[in-house]
1. At a 10 Å Cβ-Cβ cut-off, how would you order L392, L265, L330, fewest neighbours first?
2. Return the long-range amide H neighbours of A388 (sequence gap of 5 or more, or a different chain), with a cut-off of under 5 Å between placed amide H atoms.
3. Taking neighbour Cβ counts within 10 Å as the exposure measure, how do K337, K319 sort from fewest upward?
4. I'd like to know which of M191, N208, M164 lies farthest towards the positive end of the charge dipole of the range 148-216, counting +1 on Cβ of Lys and Arg and -1 on Cβ of Asp and Glu.
5. Which of the residue pairs K26/K61; K319/K386; K133/K263 have a Cα-Cα distance greater than 25 Å in the structure shown?
6. Quick check of the Kirkwood formula: for the chain, what is the inverse mean of 1/r over all pairs of different Cα atoms, in Å?
7. Bin by bin, in steps of 5 Å, what percent of the Cα pairs in the range 196-296 do you find, going until the bin that has the longest distance?
8. According to the Cα gyration tensor, what semi-axes, each the square root of 5 times an eigenvalue, does the equivalent ellipsoid of the range 148-216 have, listed from largest to smallest in whole Å?
Amino acid sequence: MHKIIVGRDSWDLEKYGDAGTGYVGKNYAGEKKEARLTIPIYMDLARPHVVGIFGKRGMGKSYTMGTIAEEIMLLPESIRKNMSAIIIDTMGIFWSMKYPNDRDFKALLSWNLHPRGFPVEILVPKGLEDEYKSEEIPYDGTFSFSASELTAEDWGYTFEIDLMSEVGVFLERFIKELRENEKTYTMETLMYALEDMPSSHIRDALINRFSVAEEWGIFSPAGSGMSEIVKPGMVTVLDISLLGSFSLGWNVKTLVVGLLARKLLHERMKARRKEEIDSMSGIERSHMPIVWMFLDEAHQFLPETGKTAATDPLIQWVKVGREPGVSLVLATQQPNKLHEAAISQMDVVISHRLTASSDLNALRNIMQTYLRYDLASYIDALPRVKGAAIILDDNSERIYAAQMRPRISWHAGGTPIAIKETE
Ligand SMILES: Nc1ncnc2c1ncn2[C@@H]1O[C@H](COP(=O)(O)OP(=O)(O)O)[C@@H](O)[C@H]1O
Ligand SMILES: [Mg+2]
């Protein structure tokens, strides 16, 4: 059957056909109420991409993220084993992917799809297990970092301490000395070392901050190995929703993402070198799966103005990610609040309805060059149903009106109560 493939250039199309692509939606012919669904749209999953998902609240951004993750898990084993995905779950909604979307059984049938759950692995911060248990959030394991993985800058962003300030200068020197003395250290060692310093109001201020940091539950002596987080052929959900209950909640979430992005990119770069060496001797072997990272509410991690602990690692990821093989999916209702470097690197954009002209402008800047009409007119022509979106494909320089497909697994979205009602 005829189909549209986005995210794949003509060379790859010729060589690989539709292998390694996922079914994400259908093309609309006609406009608004007259629009009819026609041929299926597939998206390349085998190559690294920077994907943007935009749209007003409730239009289907998180839903579509889940769809792409489903498609990764539906790839044939031979391709899937070289890939893995991490969903950064800021709202605690992706655990429901374990369950079939029985609610939309009929809609799925008309798409020739059937409800099913997927074996996603849900990880929560190691020190917050009790909290997740009492909130009845199901999980399969935990993740953590070693305190020694954090630079003075990481601490500075998270504590909102300017490294040029008096406290900041102290902090930077303290972490530097600690790192020089011990390659790896725990939060406990860090606290002892700080308490050993001569008493001063600066030291005491930092002791206060660091003792709060111990409560975030994201530290352990060794920290998680990357192989515990990215597993070949698997989708891991890092549920960081409960970190939001701390006073510096968003900072801690961005810290987690920053540390993770830095580590993953580093590991992928190492793996890529080994793969190159192997392939010179004729061996095709993957040393670490290619990673897809899904980041919902992306403007919080990679804001247009100001910096977070995740800014530099994510910018590096989008800028050099193609080579080591890391993909990023960024969803936000406010593309104009997203860092310009991320927007400009996007090669596939799925945009639901957007109304604010500032948000449309953010998109126009990257995509307008190959559009025949103004971007707003493409979006206006969409029928007013959930999951309707335009897809801009920089690889083929094409734009499509699309209906994103219904989910195969349950989408908890904004309705976490619904699942309880039907059980
Ligand atoms: N492609 C789609 N097909 C059918 N329903 C959809 C689709 N996308 C979204 N929806 C519906 O819209 C609701 C909100 O979507 P969601 O992705 O949670 O919004 P947001 O854009 O705020 O992340 C979902 O719970 C679902 O019922
Ligand atoms: Mg959402």
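No lab work stands behind these numbers, since they all come straight from the coordinates. Everything numeric in this text was worked out from a predicted model, so none of it was measured. Neighbour counts run over all protein chains shown; Cβ positions are idealised from the backbone, glycine included.
1. Ascending Cβ contact count within 10 Å gives the list L265, L392, L330.
2. Long-range HN contacts for A388: M404.
3. Going from least to most buried by this count: K319, K337.
4. Most positive-ward Cα: M164.
5. Over 25 Å apart, Cα to Cα: K319/K386; K133/K263.
6. 22.7 Å
7. Here the calculated profile for the range 196-296 is 2, 10, 16, 17, 15, 12, 9, 7, 6, 4, 2, 1, 0.
8. Rounded to whole Å, the semi-axes are 16, 14, 13.
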